[in-house]
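Enquirer: I am attaching a structure below and will ask some questions about it afterwards.
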Amino acid sequence: MCGGVLSAALHVGLLLVILSGGGQDGMHTGDTPISMLVLLEAHEADRSDGVELPPLEPALPALASDEQLHAAIASLAPLPTDAIVPQTAESTLPGEPLTEELEPVSISAKEIPATVAMSDEEKEALARRLERLAEESIDSIRKEVTWEQDGKQYSAVLIRERANDGAALERVIAQVSASDHGKHLTTIVNLKRLAFSQFTQLVDYWDPMVQLHDDEIVGRFHSNSQLKLKYDSRASPKFFGKVTTAARSFNMESHARRRDSEIFRGGVETRAGRIELPESPQPFEWAPKDENSRIHEFTSDAHIRFFRDGSYSWRTRRSSESGYFGEPSAHPVYLVAARNTTLYVQGVVAGRFLVYSPQRIVIEGNLTYASDPRSTPDSGDYLGLVSNRYVEIAPRGVTGPGDIEVDAAIFAGRRFVVTNIDHPRTATLRIYGSLAAGSLTATEPRYATKIEYDSRFERRRPPGFPSTNRYEAADWDGKWAEVPD
């Protein structure tokens with residue numbers, strides 16, 4: 001009986017604990033875990049899914065430490081340097097309105113060829129050969145040549161570019177290739193055909209009765225024959241540019257001691273080869289036809305005067321007819337004389353003019369530019385005086401006793417003449433531009449002479465001015481570029 005009462009009391013206690021849900025949220029350190037196996041009937045198991053609970057709140061991810069972040073970044077593969085990330089409308093910054101989608105950008109990288117600098121000897125030798133080849137093929141539009149030098153195989157294609165107007169310079173483009181120890185090299189050389197205006201002074205035949213004494217020549221000088229020079233304690237000729245001559249030596253008359261470097265300031269070269277003068281320097285043989293050019297033809301001797309505003313006038317000698325053209329021209333103006341006709345010129349030139357006579361041109365007074373290139377380098381004023389035979393300085397009674405200045409490129413196929421030189425020295429003849437002539441008369445004692453080069457002639461020439469048969473390398477860095485096979 002006692003055992004039954006004790007068992008009933010124990011079951012009642014357990015039932016009360018279960019119904020109350022317990023009074024603890026967890027276990028304390030001193031609690032002893034108890035496991036119980038409870039057997040359920042079948043109909044009880046069907047209802048064991050439990051009640052429907054609300055969804056759990058998502059847990060916030062734990063923030064990584066700085067060390068963890070650095071380690072994660074370091075573990076990433078580096079982005080290739082040539083990778084291009086296409087930008088689309090979805091990649092706009094927050095707050096920007098979406099625009100139309102952009103096409104992915106693709107960039108193809110081109111390899112830049114390596115360059116090899118030439119030695120000074122190779123550069124000079126190559127330039128001289130190309131200049132000679134251009135001269136030999138002066139009538140060809142295209143020329144291909146090959147040669148071997150110092151163990152290298154060379155080939156070149158020369159393409160001629162005609163002047164596109166009467167003031168432009170003719171050019172030759174040379175594409176040169178070379179093979180050296182398995183390397184393939186190439187370079188481009190631009191050559192320009194030298195006009196006679198690019199020589200400060202050029203003389204075909206030096207008159208042995210004429211001496212250079214108290215003369216200054218600023219710029220390059222060339223003579224096809226032997227020069228005759230004279231110097232003393234009072235004066236000597238001075239060349240401030242490169243001097244070349246086809247002769248073997250100079251004829252020097254000295255009455256004092258002077259070093260060659262005092263006379264030839266820019267160096268001197270003998271046996272430099274001849275530069276032939278053209279038989280007929282008619283302007284339209286050296287200039288493409290320009291429909292906008294203005295051409296005046298004179299059938300009798302005429303005096304022409306230029307004015308600072310670009311206008312000019314003329315008066316014929318025989319019929320005393322006169323004319324005046326007051327409208328300046330933006331295009332070249334050609335004043336052309338007929339056979340056996342002399343043109344007399346003076347004044348201030350504004351514009352681009354060429355005065356041509358098969359017989360003679362006489363300078364009666366100063367001929368200067370309205371816009372002086374020495375102070376205005378981009379001056380657009382040009383004057384050319386071209387004669388098959390003579391260009392003269394008028395007598396002292398016409399020009400006056402003082403200095404005379406001529407701003408022009410001069411070409412005298414037969415002779416450049418200073419008349420009536422037998423006067424006491426009182427003046428200087430100054431030419432700013434260039435002077436090319438078959439020969440020269442003496443200028444002393446009437447004039448000391450000073451000829452200064454117009455540097456604009458390196459890029460342009462007076463319209464229709466004749467050109468030499470000589471070429472010169474220009475705009476070239478003297479470097480090879482390596483190219484693949």
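The values are calculated or read from the model by the stated rules, or taken from the named source; none is laboratory data. The structure displayed is predicted, hence computed values, not measured ones. Neighbour counts are summed over all protein chains in view; Cβ atoms, including those assigned to glycine, are modelled from backbone coordinates with ideal geometry.
Enquirer: If I go through region 365-386 residue by residue, how many of them are among the polar types (S, T, N, Q) and assigned to a strand (DSSP E or B)? Working first, answer last.
Expert: Within region 365-386, the subset among the polar types (S, T, N, Q) is 366, 368, 371, 375-376, 379.
Checking the rest, the ones that are also assigned to a strand (DSSP E or B) come to 366, 368.
Count: 2.
Enquirer: Which residues, taken from region 437-463, are closer than 19 Å to E405 by Cβ, among the charged types (D, E, K, R) and at pLDDT 90 or above?
Expert: K450, E452, D454, R456
Enquirer: Among the residues of region 257-283, count how many are within 30 Å of the chain's Cα centre (by Cα) and farther than 30 Å from V333 by Cα.
Expert: The total comes to 8.
Enquirer: Filter the strands (runs of 3 or more DSSP E) completely within region 387-432 down to those with at least 1 residues that are more than 14 Å from T443 (Cα to Cα) and without any contact (Cβ under 8 Å) to a residue 60 or more places away in the chain.
Expert: Values: elements: 390-393, 404-412, 415-418.
Answer list for region 387-432: 390-393, 404-412.
Enquirer: Would you tally the residues in region 438-453 being more than 20 Å from S387 (Cα to Cα) and either outside the structural domain of L383 (by TED's automatic domain parsing) or assigned to a loop (DSSP other than H, G, I, E, B) (or both)?
Expert: 3
Enquirer: Right, here's the next one. Hey, can you tell me all the residues within region 245-271 that are part of a helix (DSSP H, G or I) and either surrounded by 14 or more Cβ atoms within 10 Å (Cβ to Cβ) or without any contact (Cβ under 8 Å) to a residue 24 or more places away in the chain (or both)?
Expert: So in region 245-271, the residues part of a helix (DSSP H, G or I) come out as 260-263.
D260, S261, I263 - these are the residues of region 245-271 that are part of a helix (DSSP H, G or I) and either surrounded by 14 or more Cβ atoms within 10 Å (Cβ to Cβ) or without any contact (Cβ under 8 Å) to a residue 24 or more places away in the chain (or both).
Enquirer: Any idea how many residues of region 433-464 are surrounded by 15 or more Cβ atoms within 10 Å (Cβ to Cβ) and in contact with a Pro (Cβ under 8 Å, 6 or more places away or on another chain)?
Expert: Selection size over region 433-464: 4.
Enquirer: Say whether the condition of being over 30 Å from A235 (Cβ atoms), surrounded by 16 or more Cβ atoms within 10 Å (Cβ to Cβ), assigned by TED's automatic domain parsing to the domain that holds L227 and at pLDDT 90 or above is met by at least one residue in region 397-420. I'd like the intermediate steps shown before the answer.
Expert: Initially, region 397-420 is screened for residues over 30 Å from A235 (Cβ atoms), giving 413.
Keeping just the survivors that are surrounded by 16 or more Cβ atoms within 10 Å (Cβ to Cβ) gives 413.
Narrowing the set further to residues that are assigned by TED's automatic domain parsing to the domain that holds L227 leaves 413.
From the residues that got through so far, the ones that are at pLDDT 90 or above too are 413.
Yes, there is a match, as at least one residue in region 397-420 is over 30 Å from A235 (Cβ atoms), surrounded by 16 or more Cβ atoms within 10 Å (Cβ to Cβ), assigned by TED's automatic domain parsing to the domain that holds L227 and at pLDDT 90 or above.
Enquirer: Could you check how many residues of region 214-226 are buried (at least 21 other Cβ atoms within 10 Å of the Cβ) and either part of a strand (DSSP E or B) or at pLDDT below 90 (or both)?
Expert: 6
Enquirer: Continuing with this model, one more query. Only one residue in L194, L202, L185 is under 24 Å from E276 (Cβ atoms), assigned to a strand (DSSP E or B) and more than 19 Å from the chain's Cα centre (by Cα). Which one? Give the steps one after another, and end with the answer.
Expert: Values: L194 fails: more than 19 Å from the chain's Cα centre (by Cα); L185 fails: under 24 Å from E276 (Cβ atoms).
So the residue among L194, L202, L185 that is under 24 Å from E276 (Cβ atoms), assigned to a strand (DSSP E or B) and more than 19 Å from the chain's Cα centre (by Cα) is L202.
Enquirer: Hey, among K238, K230, K242, which residue is in contact with a helix residue (DSSP H, G or I) (Cβ under 7 Å, 6 or more places away or on another chain) and surrounded by 13 or more Cβ atoms within 10 Å (Cβ to Cβ)? Please lay out each step first, then the result.
Expert: On the way: K230 fails: in contact with a helix residue (DSSP H, G or I) (Cβ under 7 Å, 6 or more places away or on another chain); K242 fails: in contact with a helix residue (DSSP H, G or I) (Cβ under 7 Å, 6 or more places away or on another chain).
K238 is the lone residue from the list that is in contact with a helix residue (DSSP H, G or I) (Cβ under 7 Å, 6 or more places away or on another chain) and surrounded by 13 or more Cβ atoms within 10 Å (Cβ to Cβ).
Enquirer: Which residues, counting only those in region 326-344, are under 21 Å from P462 (Cα atoms) and either in contact with a Lys or Arg (Cβ under 8 Å, 6 or more places away or on another chain) or outside any strand (DSSP E or B) (or both)? Steps first, please.
Expert: Going residue by residue through region 326-344, those that are under 21 Å from P462 (Cα atoms) are 327-338, 342-344.
Across region 326-344, the qualifying residues are E327, P328, S329, A330, H331, P332, V333, Y334, A338, T342, L343.
Enquirer: Please go through (1) hydrophobic (A, V, I, L, M, F, W, C); (2) farther than 20 Å from H213 by Cβ; (3) buried (at least 20 other Cβ atoms within 10 Å of the Cβ) for V483 and return the number of the only condition it doesn't satisfy.
Expert: All conditions pass for V483, except number (3).
Enquirer: Can we say V362 is assigned by TED's automatic domain parsing to the domain that holds P328 and in a strand (DSSP E or B)?
Expert: Values: assigned by TED's automatic domain parsing to the domain that holds P328: yes; in a strand (DSSP E or B): yes.
In short, yes.
Enquirer: Here is a follow-up. Within the group A370, A338, which residue is touching a Pro at 6+ places or on another chain (Cβ under 9 Å) and either of a type in the set (A, V, I, L, M, F, W, C) or modelled with pLDDT of 95 or more (or both)? Lay out the reasoning, then the answer.
Expert: On the way: A370 fails: touching a Pro at 6+ places or on another chain (Cβ under 9 Å).
A338 is the lone residue from the list that is touching a Pro at 6+ places or on another chain (Cβ under 9 Å) and either of a type in the set (A, V, I, L, M, F, W, C) or modelled with pLDDT of 95 or more (or both).
Enquirer: Moving on to the next point. Output yes when any residue across region 178-196 is among the aromatic types (F, W, Y) and touching a Gly at 6+ places or on another chain (Cβ under 8 Å), and no when none is. Reasoning before the result, please.
Expert: We begin by selecting, within region 178-196, every residue among the aromatic types (F, W, Y); these are 196.
Now drop any that are not touching a Gly at 6+ places or on another chain (Cβ under 8 Å), which leaves none.
No, region 178-196 has no match at all.
Enquirer: Pairs please, first residue from region 284-300 and farther than 11 Å from S329 by Cβ and in the same structural domain as R352 (by TED's automatic domain parsing), second anywhere and surrounded by fewer than 18 Cβ atoms within 10 Å (Cβ to Cβ) and basic (K, R), Cβ atoms under 8 Å, 6+ apart in sequence or on different chains.
Expert: P288/R162; S300/R317; S300/R318
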